[in-house]
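This report concerns only the one structure given below.
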Amino acid sequence: MKELAVLYAKTLPFSLLEVKERIALFDQAEIKEFQINEYIITANEDAAHTSVHYFVAGVAKNFIYQANGKQVAVRYDYPGDLAGLLTVLAQEEMQIAVQAAENTKSIAFPKASFQQAMQQNAHFSHAIFERVSQLMKSLYEEVKYKTSDLSDQTEPALYKKRVSSFMERPVFIHPEETVYAAAELLQNAEMEGIAVSRNKQDIEGMIGYRQIFDALKNGRMDAPAGQIMNKDYYFVQEHDFIYDALSYLKHHPAAAIPVLHRNRAVGFIRQSSFLNVSNSVYFELTYRVANADSIETLASLSPMNNKQFQLFIQQLVDERMYGYDIAELISSYNDRLHRQVIELAEREMVSEGYGRPKINYCFIVMGSEGRKEQGFSTDQDNGIILADYDELKHKDEIESYFERLTAKINHMLDACGFPLCSGGIMAKEKKWRHSLSQWSDMIDDWLRNLDAQEVRDFTIFIDFRPVYGDFDLAFKLRRKLTHSMQHAARLQPMLIHDTLQIRVPLQAFGRVSTSSKERYLNLKQSAMMQIVNAVRVYAVGYGIEDVHTIRRLHNLTSNDHMSKNDTDMAAQALHELLIFRLKLNLQQLEAGQPLSTQISFKKLNKSEKQTLKNALAAAKGMQQGLELRLNRNKVNG
């Protein structure tokens, strides 16, 4: 273990030991590996024969057993943490257990040799006592918090924060530098992970202590960093809500999570920033989604079927969170369901003898899921982009493979509560399954020959977004689409004509036109889509790539294409309409009724009626703005 003593010579608290003391301590140590859910330290373990574990990879969960026998998870240990410190001072069994929350590696020091190092070195002993003191304070606060009446409540404010508010500057290493250089950079930067990149923008992989540890174990410290990096790393986008990073870190902690702007690294989110995140329904459900091994399990976790998720959304509504933020959260959760469905479909293809995909691909979602504006009721709008394969020998085999795979995906999604699209806008249909070059040609053909029938499908396609696979394929297609739409003279008038087909049902003096005795109003067709469609028209005209309606509005304002007053009114109206839809759907789910967007104006109270009228007025204003734009184009034309 002399190599380990050298490696950790600059790492606290081991750096406080003299060379001989450090070598003596590590000579008694051994490397241990634990599988997920395996106990590292058990409650009632013989304190005399236990070990102190220094974690080098993975994550461990600490439990305390209360007098009533309840087991409470109070904290997590990460690479760089020491577990078993309390046993160093204990003279009897401790009611504390440490369990591997994922596959974990540690350097295990026998209690006796650790105590001997403390007796020999006052500085080392002081550092350990300081850690124990901090640990005791932390445990007290966390036990008090976890066992209080608030332990089952969520923190709605958490769901309003974006990744960009928490990220730190990324640290890079060139793939041709050595693993030794990577280890030194990790220590000097005091980071949990570093990105491997040739230009300090495009990430090729990640290196954390797990990779360093494996390289040391295999005698590869002189190897290029690019050979030992982890290519299958988790990442988030800078505009994502922080809960996406938190839910991953809580159950599958990474060394560091890269934050991307499109496909370029702009920051890191580190696990050490969120050690004390409280439990929440959302985190638990996303963990269960990620570990689901059957469609039946995923179906039980879908928003339509899961009562826990519905109660969670109800709480966010009650906390007056913005409707579009709640819709984005639901959409992000649905993204996770989509990704797990695709993983299961690929596994099924392997088990049936078809193997893994022979080429890269990107699964895209469109419409409301693409804009991240979903509620509880939605059918599928999706497609797939394949890497160009026309020149490959097995072209027919590739086409057959993806025809079969996409059919599985669409039918699995249907089983999970995402009904098949009645209009056939699904990846299993040939029209929505193309290579990148074929998609590019299809865009050109669309824009040349667009008619009233096709404009609806094209409008849905405009809002596509990648959810699984090679995102670069989607980014390339987005650039092609944005540029082509800006130079298509016929497109804007056709989009406007299509939007004006359904008028906002608000007449003079604020009178709302409704149907039937109950005075029903279709929230989606009569108002929400009028705002969404109008904002899309402006975004297309000004070359804005973002598909999220609220971010499109922000872009229009920041570039002086729309007044702040107009964008604020549109955003507020969309918020109110989405809240109306959420409340309606939650009521329908509670009553076991079919979901719809038909709201009874008659059953609203006075305040709700006025709020809805204000939202309709904003939607009508957006429509009128489009009419003026259309008439100006006619005059100028």
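The values are calculated or read from the model by the stated rules, or taken from the named source; none is laboratory data. Remember, predicted model here, so these are calculated numbers, not experimental data. Neighbour counts run over all protein chains shown; Cβ positions are idealised from the backbone, glycine included. Surface areas here come from the heavy atoms of the whole protein model, side chains and all, with no ligands, DNA or RNA. Shrake-Rupley method; radii C 1.70, N 1.55, O 1.52, S 1.80 Å.
The table for this structure:
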| item | result |
| --- | --- |
| Approximate spin-label separation residue 352-residue 515, in nm, with each point projected 7 Å along Cα-to-Cβ | 4.0 |
| Length added when fully stretched, residue 35-residue 181, from 0.36 nm per residue minus Cα-Cα | 49.6 nm |
| Residue-averaged 222 nm ellipticity for the chain, from DSSP H runs of 4+ at -39500 (n - 2.57), nearest 500 | -15000 deg cm²/dmol |
| Charge dipole magnitude, Cβ of K and R +1, D and E -1 - the stretch 520-566, Cα centre, debye nearest 20 | 160 |
| Sulfur and carbon atoms: percent of accessible area, the chain [1.4 Å] | 48 |
| Along each principal axis, Cα extent of the stretch 281-485, largest first, Å | 53, 43, 28 |
| Principal axis box of the chain, alpha-carbon based, largest edge first, Å | 89, 62, 50 |
| Alpha-carbon centroid distance for the pair the stretch 454-472 / the stretch 571-637, whole angstrom | 24 |
| In the stretch 169-206, GluC sites (Glu not before Pro) in a DSSP loop with at most 12 other beta-carbon atoms within 10 Å | 176, 190 |
| Normalised per residue, the volume of the convex hull around the Cα set of the stretch 163-276 (Å³) | 93 |
| Label-point gap, in nm, between residue 388 and residue 501 - each point 7 angstrom along Cα→Cβ | 3.5 |
| Cα long-axis angle, helix 436-449 against the chain (0 to 90 degrees, to the nearest 10) | 20 |
| Cα coordinate range in the stretch 477-588, projected on the principal axes (Å, largest first) | 48, 30, 26 |
| Per-pair calculated FRET efficiency, R0 = 25 Å: residue 525 and residue 614 via Cβ, rounded to 0.05 | 0.85 |
| Where trypsin sites (Lys or Arg not before Pro) fall in DSSP loop in the stretch 175-240, at most 13 other Cβ within 10 Å | 198, 231 |
| Rounded to 10°, Cα long-axis angle of helix 564-591 versus longest principal axis of the chain | 80 |
| Accessible area (Å², per residue) of the chain, counting only protein heavy atoms and a probe of 1.4 Å | 46 |
| Ranked order, 284, 397, 369 - accessible area, probe 1.4 Å, largest first | 397, 284, 369 |
| Neighbour cut-off at most 16 other Cβ (10 Å), DSSP loop, trypsin sites (Lys or Arg not before Pro), the stretch 481-553 | 490, 503, 511, 517, 519 |
| For the stretch 163-240 and the stretch 320-389, distance of Cα centres in Å | 28 |
| Simple label model, 7 Å out from Cα along Cβ direction - residue 445 to residue 360, nm | 2.5 |
